[in-house]
1. Pick from segment 19-57 the residues that are in contact with a helix residue (DSSP H, G or I) (Cβ under 9 Å, 6 or more places away or on another chain) and surrounded by fewer than 12 Cβ atoms within 10 Å (Cβ to Cβ): which of them is modelled with the highest pLDDT?
2. Among 103, 84, which is the only one that is within 18 Å of residue 17 (Cβ to Cβ) and surrounded by fewer than 16 Cβ atoms within 10 Å (Cβ to Cβ)?
């Protein structure tokens, strides 16, 4: 599975705008992306993925306990969204590690 950096960045921007993350700077995502701290962006993205996973777990548990307000489709969609977000996070981690290895192997 090959994820292009630009499309992944656009997806993360969309997720952040949907969840209205507070990045500590007004309109940090809409402005210059390099103006915000990468560590903060990554931390917020990981937090969002964690929230998605916890929400999917809660929905699954509520459905299993017989909550009539949830359908199986709602639970499965939440689980798939959480899974896709997790896979994207893993891909970002792999790309960061590859970039780090390339920088460390550069001749000085």
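The values are calculated or read from the model by the stated rules, or taken from the named source; none is laboratory data. Keep in mind that what you see is a predicted model, and the values were worked out from it rather than measured. Glycine gets a Cβ as well: all are built from the backbone with ideal geometry, and neighbour counts include every protein chain shown.
1. Ranking the candidates gives 54 first.
2. Numbers: 103 fails: within 18 Å of residue 17 (Cβ to Cβ).
The unique qualifying residue is 84.
The rows are residues; the columns are (1) surrounded by 15 or more Cβ atoms within 10 Å (Cβ to Cβ); (2) at pLDDT 95 or above; (3) assigned to a loop (DSSP other than H, G, I, E, B).
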residue	(1), (2), (3)
66	no, no, yes
69	no, no, yes
80	no, yes, no
88	yes, no, no
93	no, no, no
96	no, no, no
